[in-house]
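Accompanying notes for the structure given below.
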Amino acid sequence: MNLIAAVDKNWGIGWNNKLLVRIPEDMKFFQKTTTGKVVVMGRKTLESFPGGKPLKNRKNLVLTSDQNYQVKDAVILHSMEELLTELEQYNSEDIYIIGGESVYRQMIDLCDVAHITKIDYEYLADSWFPNLDERKEWELTADSEEQTYFDLEYYFLKYQRKEVKGQRETEA
């Protein structure tokens, strides 16, 4: 499974249930990468989208504890157990965890690849992505040239879970 996120210098991802910044090239990368795939998100992430509607041309899976929550064109799941059972029917490489913070934290140990847009700026944030630079089981395997959007500098990074003797390394 994959993680995909845009983070600031401190791995911040959001403020007041909104992205910290919208960078057109990052949005294009997200759309291109996830179109035709399965996206997993929490309820608040779904509600942050325009009109609170699921993403087009993707299978939208929404994790929420609200038993009465319903959304057209999305599969609503109420526990990690339900989510993991649902995910069994898809190719793991086609699954993208897209947020928010609690969903990233619950799913990170099940993922092997993280696509991170790293923004060289510190924003005021109230939600964060786990800092992969501090996790020994993850390594940076690809990075782009410096990108710019007005005065912002950012990079497209790819992290992968380290393999240890044919098995995934996990946190001790």
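The values are calculated or read from the model by the stated rules, or taken from the named source; none is laboratory data. Just so you know, these numbers come straight off a predicted model, no measurement behind them. No Cβ is skipped: glycine too gets one built from the backbone with ideal geometry, and neighbour counts run over all protein chains shown. Each accessible area value is taken on the protein alone, full model and side chains, heavy atoms only, with ligands, DNA and RNA left out. Shrake-Rupley method; radii C 1.70, N 1.55, O 1.52, S 1.80 Å.
Once the gyration tensor of the Cα atoms in the chain is diagonalised, the equivalent ellipsoid follows with semi-axes of 24, 21, 15 Å, ordered largest first. Share of carbon and sulfur in the accessible area of region 34-119 stands at 45%, probe radius 1.4 Å.
Under a crude label model (7 Å from the Cα following the beta-carbon direction), how far is N131 from Q31 in nanometres? Using points 7 Å along Cα→Cβ, the separation is 3.4 nm.
Can you give the helix-only mean residue ellipticity at 222 nm for the chain, where every DSSP H stretch with n ≥ 4 adds -39500 (n - 2.57) and the sum goes over all residues, rounded to the nearest 500 deg cm²/dmol?
Values: 4 runs with 32 residues, N = 172.
Helix contribution divided over all residues of the chain: -5000 deg cm²/dmol.
In this Cβ point-charge picture (+1 for Lys and Arg, -1 for Asp and Glu), the chain has a dipole of about 620 debye about its Cα centre.
Pairs from the table (K9/K37; K18/K118; K32/K118; K18/K59) lying more than 25 angstrom apart at Cα are K9/K37.
For the chain, the solvent-accessible area works out to 58 Å² per residue, with a probe of 1.4 Å and every protein chain left in place.
So which GluC sites (Glu not before Pro) in region 76-172 pass both tests, a DSSP loop state and at most 13 other Cβ atoms within 10 Å of the Cβ? Sites meeting the loop and neighbour criteria: E88, E122, E145, E146, E171. Taking every alpha-carbon pair in region 35-79 and binning the separations at 10 Å intervals from zero gives 30, 61, 9 percent.
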